[in-house]
Amino acid sequence: MTGTATGPAASRGGTVWLTGLPSAGKTTIALALAARLRAEGRRVQVLDGDEIRASLSPELGFSAADRDTSVRRVGFLARLLAGHGVTVLAPVIAPYAASRAAVREEHRAHGVDYVEVHVATPATTCAARDVKGLWARRAAGTITGLTGADDPYEEPVRPELRLDTRDDPIDESVRRVRALLTARGL
Ligand SMILES: Nc1ncnc2c1ncn2[C@@H]1O[C@H](COP(=O)(O)OS(=O)(=O)O)[C@@H](OP(=O)(O)O)[C@H]1O
Ligand SMILES: Nc1ncnc2c1ncn2[C@@H]1O[C@H](COP(=O)(O)OP(=O)(O)O)[C@@H](O)[C@H]1O
């Protein structure tokens, strides 16, 4: 998934964590941003919650403790990559403030840049999008513990950026995250 580093813009890594409910638009925005950054010559790695869980944490489910462990593992991997000049995009729900704070601290302690983007799509819109059919399955009672339905999501209090995907098209969300990176010198 990485591109080739070709210039100064590729030299400074950092992590962009996209947190939000299932079907909020985290992956969609991350993939579109990744394409844009690669076209600029950056090395980019997307660490998608679903994909990373399958290889890094197959034993983990969706209890509070398992989610916390999974988020911290992704955070550790993100920090390692970002410390080597990769721009890491992590579209991961990360429902607990304490887990997100731990990931932020992991980056700070190693002098690696980190920004949190809240993809603040409300549950009603996520349920209508329902990319993977999870909201419908929760409504039908065939699954329990879905974030934003019957499992907690602790909203970020002070994210570096909050996106409203009801009003903004995908391109505008990508543009706003890109502008945040520029503002941060990333
Ligand atoms: N119960 C429950 N709650 C939330 N999500 C569920 C659940 N069961 C499966 N899935 C699927 O797993 C994806 C979320 O994985 P994450 O690692 O991002 O979640 S977490 O940070 O550990 O909470 C999530 O992906 P996204 O929809 O892309 O967010 C779901 O597809
Ligand atoms: N403004 C928007 N930003 C992001 N996604 C959007 C937007 N409008 C509609 N969508 C759609 O919402 C869905 C979000 O799915 P996905 O990115 O997989 O969510 P998540 O990774 O948060 O679970 C996609 O089908 C996407 O095309």
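Worth a mention:
- Residues satisfying the stated conditions in region 12-27, i.e. within 16 Å of ligand 2 (Cβ to nearest atom) and either out of contact with any helix residue (DSSP H, G or I) (no Cβ under 6 Å at 6 or more places or on another chain) or in a strand (DSSP E or B) (or both): Val16, Trp17, Leu18, Thr19, Gly25, Lys26, Thr27
- Scope region 127-146; condition near ligand 2 (Cβ under 10 Å from one of its atoms) and either at pLDDT below 95 or not in a helix (DSSP H, G or I) (or both); matching residues: Asp130, Val131, Lys132
- Screening the candidates Val119, Val115 for the property of being in contact with a strand residue (DSSP E or B) (Cβ under 7 Å, 6 or more places away or on another chain), away from ligand 2 (no atom under 16 Å from the Cβ) and not polar (S, T, N, Q) yields one hit, Val115.
- Residue check, Arg42 at pLDDT 95 or above, of a type in the set (D, E, K, R) and within 16 Å of Val115 (Cβ to Cβ): yes
- Region 65-114, residues that are hydrophobic (A, V, I, L, M, F, W, C) and free of Cβ contacts under 8 Å to residues at least 60 places away in the same chain: Ala65, Val71, Val74, Phe76, Leu77, Leu80, Ala98, Ala101, Ala102, Ala109
- Residue satisfying condition, being within 16 Å of ligand 2 (Cβ to nearest atom) and either modelled with pLDDT of 95 or more or hydroxyl-bearing (Ser, Thr, Tyr) (or both), within set Arg104, Arg79, Arg73, Arg53: Arg53
- Test: residue in region 160-169 that is of a type in the set (Lys, Arg), away from ligand 2 (no atom under 11 Å from the Cβ) and out of contact with any Pro (no Cβ under 9 Å at 6 or more places or on another chain): no
- When restricted to residues that are in a helix (DSSP H, G or I), within 11 Å of ligand 1 (Cβ to nearest atom) and either of a type in the set (S, T, N, Q) or within 20 Å of Tyr96 (Cβ to Cβ) (or both), region 31-67 contains 9.
- Where a residue in region 129-146 is within 13 Å of Phe62 (Cβ to Cβ) and in contact (Cβ under 8 Å) with a residue 12 or more places away in the chain and its partner, wherever it lies, is in a loop (DSSP other than H, G, I, E, B) and not aliphatic (A, V, I, L, M), with Cβ under 6 Å and at least six apart: Leu134/Pro22; Gly145/Phe62
The values are calculated or read from the model by the stated rules, or taken from the named source; none is laboratory data. Please read all numbers here as calculations on a predicted model, not as lab measurements. Virtual Cβ from ideal backbone geometry, glycine too; neighbours counted across all protein chains shown.
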